[in-house]
Structure formats: C-alpha cells, structure tokens
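Each remark here refers to the structure printed beneath this line.
The values are calculated or read from the model by the stated rules, or taken from the named source; none is laboratory data. Because the structure is predicted, anything quoted here is derived from the model rather than measured. Cβ coordinates were reconstructed from backbone atoms using ideal geometry, including for glycine residues, and neighbour counts include every protein chain displayed. Note: accessible area is taken over every heavy atom of the protein model, side chains too, but ligands, DNA and RNA are not part of it. Shrake-Rupley method; radii C 1.70, N 1.55, O 1.52, S 1.80 Å.
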Amino acid sequence: MITGKNYIGNKLSATGSVSHRTFNPKLNIENDCDFFEATLEEVEEAVELANKAFKEYRNISGAKRAEFLNAIADEILALGDELTQMYTSESGLPEGRANGERGRTVFQLRAFAELVSNEGWRENVIDTADAQREPAPKPDLRKTNIPLGPVVVFAASNFPLAFSTAGGDTASALAAGCPVIVKSHSMHAGTGELVASAIIKAAEKTGMPNGVFSNIAGSGRVVGAALVKHPNVKAVGFTGSIAGGRALFNLAAEREEPIPVFAEMGSINPVVVTPAAIAARATEIADTYAGSITMGTGQFCTNPGLILTIDGEDTRDFIKDLAEKTTAIAPQCMLHPNIKRDFVKNGASVSSQSGVEVVAAVSEEIEPNYAPTQISAVSGTDFLTNPKMHQEVFGPFSLVVRSKDEAELIEIIDSLEGQLTGTILAEESDYKNLGGVVDALQNRVGRIILNGVPTGVEVAPSMTHGGPYPASSDSRFSAVGINSIKRWVRPFSYQNWPNELLPDALKNENPDGIYRLVNSKQSNTNI
C-alpha cells in the first residue's frame, strides 16, 4: 500500500509539510497520492543511520549480502500487479515495458548476488615477502578492494525500475558493502515507494542493519544538495541530464572532502552510414532505424540522435525514406508533460539553426503528452560551424548530417563531445577502409556497434555503459554490468600483516578456494 512517506531506514516518516503528486501522462491527470518531501532533519537521520549501518554492513560476508540481494529480487516479484499498475500510471509506458524492466531489475540483483557470493570479485593480489632480496628486503603485501561508505543514488526519470530505487546503482553499491540512500524521482515516487518497501522487507528478513537502505523524496534541489554535501556520504550515483549531473559533480568537488560522482548523462549516439550500405540496403536501414528512433518514445540515453552520411543522390533518397517511415509510426506517450515540453523546445532549437531542414515531422493533432516525431537534416559544413546542433533532444528525434566526403565526416566525429555509443552501418567491402572512422569514434564513445542499433544495453560483464564526458563523469567505469561495482570500492593494502588477522580472501590457506594474483600468477591454491 502506498503511504506517500519516506523510508528513513526501516521507519516510515513524513514530518514535513511540503508534498507533491505524480502524474499520469496518458490520462493527463495527477495521480491521487500525496508524497511528502523529506525535511533536512530526515535527511540527517537517514545519513546517520547509513553511516552507523556501514560499520556493520561492510564486514558482513559476501554470502550474506548475496542472500540480501536475492531477497530483494524475490520481494520485488512478490509485488505483482500492484507494481505494474503503479509503474504504468506514473510513466505512460506500457505494461510490457514495465514487466521487461522488472525482469531486468531482478536479473541485475541476482547477478550481483552471484558475483559477491565469494570474495573473488575483490581482485585480491598477494606479493609474498622475500627477506633475502637485495639491496633491500621485500615486504609481504596483500591488496583487496573495500567499500567506500554510504552511497546516494539519484533515481532516473526514464527507467522507474532498472535505473532507479533497486536499479543497477543500488544493486552494485549494496553488493559492494555500501549502504544506499535513494533520492526518489518525483515523477515515479509511488513506484519508488513500492520497491523501497521490498528492499526494507528483504533487509529485515535477512538480518541487515537498520539504515542499510533509505528512500527519501524531494522534488526540488534542496534534498539532493543536502545529501551530496553531507560529510558522511562517500559517493554518488546519477542517471539523467548533463545539467543535473554536472551540478551534483560540482557540489561534490566543492566539499571539504571531495567525493566521486558517477554520473551517466547526455548522449546523441552518432551513427555512421557508409555509401555502400545505403546502396545495398537503404530500405532495410530506414525500417530498422525508424523503429530505433521511436522505441520507447525515443526516451533512451542510447537513442540514435545523430546520423552521419556522405552526400549524394542515394543518400538524399535514404534520408527522405527514413524521415517518412519514422514519422509514419504512431506517436507515443512521453513520460511527463515537462519532458514533452523540453522535447519540443530542444527539437525546435536544433531545427531552427541555419542550414537545418525539417525533412518530416508529425504535424497532425495528437494527445497532450504524445511526442511529435521529427527528422531533420543539415550539411556537414553547417554542422561543423554550429555546436548548438550537438545538443541532445530527448525523444523521437534525429538529425541527419550530409558530409561532403569521409574526411569531413571524421572531422565531425572529432568535433563531438563524449558519447555513450557510436555505430557503423557498413558493407563487408567497406571493412578495410574503416580505420579512420573507427579511430575517431573510439576516441569519443564507450561502445561501438557494427550493423546494429545503439538502443538496447545488454547487462553483461563485457558491457561498457559510459564514455568520455559528458556521456559520463568518469569514462573509466561502466554503469551497467557486474563491473559497475568497481565504482563503490577502493584499493586497500595490508603490509607485513599476520596471516590470522587477514581477511579470508588474502590468507595463505585460501579457505574459499578463490582465484588470486599471487606473485604475478593467477592461482586458487594455498600459499
């Protein structure tokens, strides 16, 4: 049952007087429940509980944390239709998307549970002592990864489950041994409260310390800023806009003790289409990309917002076909009236720049919060002289750039800000000549796709979901997959430490039989 209250640890709390309601974009009405925004006193209580919980939780075994994560997954599934109905009423997204995203959320939790069920994930390294080494004896050194401390996670607007309350940031931080305080997203506060209730139940069932998880509301910037600036918060996870992520990054950097902000932000995900690919399969590419541009109403961080081509008659025919097919797809509901407003404003901003032509756009009357899909085009020369065309238009929009030749196309890639993905659509005959384009993209993106679409992010150890700034605030880390746990830990070394006082993962006898790097060689035996 939805209460509209904050979870301060395992306690429901609503001591403030400010509240807000979520919005049903399909029905264009407010939902019924009032959600009370946390006071600064409630923020303080949540952080202090998390700090206290950390002293115990950091030492809880990986097997017990795995039990906790699996229990969260079980409790989310136990919410059943109540969660699906709340999700759809707050997002305008269909039931199938809700069920798919719930499945991904559960999968992520179980994947991290499997990862931390033993301590091998800590990248344990042992260099044994050598008292006879000249000119100086070699000490015994043993390195592992330890959790940072309480983590604040900002829920994402476009993924009410998979990147929100129990999403990848929360799952990976809890797996690492860090308590989590979620700043619930005001657009799907009901979904967030239901998931938070599942986490609290799981924590109580598995004997986790009170304060290992809190979920607090705040529609403005006050609550978020107070969390980031609190001296007992040690890291931040964020998925959202460049402006929002950068604001948090700046706040964290200005603290007396700066802390890392792992922000996944804006991306227009350039797609390079070679002339050979257009000649061989223009119709197929247009069909595929019309679907990718409009998938989820274009509200994905990997939406293909920039398509790079080389000008020619076939290219212009392809652009026209792509635009007609994309705008022929029935308009879909966006997440919130404010997102629809920003989509229209930003699309108009790009399309009003000098040299930009609106090739096709939905012009008929549509429902209030539905997206008017649009495809625009511009020459490479005009694109290069106007960085305003680089901005992300969050929704079903794509700008096609007609370069005069490959050299200009590469120059365009070089001019771009950091991106999450880059895609190349090419024929086999192109492969030997793709080196320049590949090198240029590799310097600007975190993942390159060949002959596919960027939409769809596989949850796998080999996935990189990040990229050079502003795609993410630290391109060395992924926000998706089990390696995202590395954001919430730091390396720690023991020197000349008695074997009996070492953590099991570093002991000579290796009681769990995990793989370790011992004197530069991988081994799972004792020393």
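Before moving on, here are some points about what is shown:
- Flag if V393 is more than 15 Å from T302 (Cα to Cα), of a type in the set (A, V, I, L, M) and buried (at least 22 other Cβ atoms within 10 Å of the Cβ): no
- Number of the condition not met by F262 [criteria: (1) under 21 Å from the mean Cα position of the chain (by Cα); (2) not in a strand (DSSP E or B)]: (2)
- The C-beta contact set for the range 1-21 (first residue touching a residue at least 60 places away in the same chain (Cβ under 8 Å), second residue among the hydrophobic types (A, V, I, L, M, F, W, C) and part of a loop (DSSP other than H, G, I, E, B), distance under 6 angstrom, 6+ apart or interchain) comprises I2/C33; G4/C33; K5/A14; N6/A38; N6/A217.
- Leading residue by the ranking (farthest from S472 (Cα to Cα)) among those in the range 403-425 that are open to solvent by 10 Å² or more (accessible area, probe 1.4 Å) and among the hydrophobic types (A, V, I, L, M, F, W, C): A407
- Set side by side, the residues A166, A171, A156 differ, and just one is within 17 Å of the chain's Cα centre (by Cα), in a loop (DSSP other than H, G, I, E, B), more than 20 Å from M265 (Cβ to Cβ) and of a type in the set (G, A, S), which is A166.
- Search result, residues across the range 470-505 that are more than 14 Å from P260 (Cβ to Cβ) and either part of a loop (DSSP other than H, G, I, E, B) or touching a Gly at 6+ places or on another chain (Cβ under 6 Å) (or both): P470, A471, S478, V480, G481, N496, W497, P498, L502, P503
- Among residues that are assigned to a helix (DSSP H, G or I), open to solvent by less than 10 Å² (accessible area, probe 1.4 Å) and either farther than 21 Å from P270 by Cβ or not acidic (D, E) (or both), L322 is included.
Matching residues to (1) over 21 Å from S403 (Cβ atoms); (2) not hydroxyl-bearing (S, T, Y):
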{"residue": "I339", "(1), (2)": "yes, yes"}
{"residue": "D342", "(1), (2)": "yes, yes"}
{"residue": "K345", "(1), (2)": "yes, yes"}
{"residue": "S352", "(1), (2)": "yes, no"}
{"residue": "G355", "(1), (2)": "no, yes"}
{"residue": "V362", "(1), (2)": "yes, yes"}
{"residue": "E365", "(1), (2)": "yes, yes"}
{"residue": "P372", "(1), (2)": "yes, yes"}
{"residue": "V378", "(1), (2)": "no, yes"}
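- Residue that is open to solvent by less than 10 Å² (accessible area, probe 1.4 Å), at pLDDT 95 or above and closer than 16 Å to L194 by Cα, where the choices are A173, A162: A162
- Out of V228, V271, V236, sole residue that is within 25 Å of G446 (Cβ to Cβ) and assigned to a helix (DSSP H, G or I): V228
- For the range 202-222, the tally of residues that are surrounded by fewer than 18 Cβ atoms within 10 Å (Cβ to Cβ) and part of a helix (DSSP H, G or I) stands at 3.
- The residues of the range 283-303 that are open to solvent by less than 20 Å² (accessible area, probe 1.4 Å) and aliphatic (A, V, I, L, M), listed by number, are I285, A286, A290, I293.
- Unique match (being within 19 Å of N6 (Cα to Cα) and either open to solvent by 30 Å² or more (accessible area, probe 1.4 Å) or in a loop (DSSP other than H, G, I, E, B) (or both)) among E75, E48, E67, E42: E48
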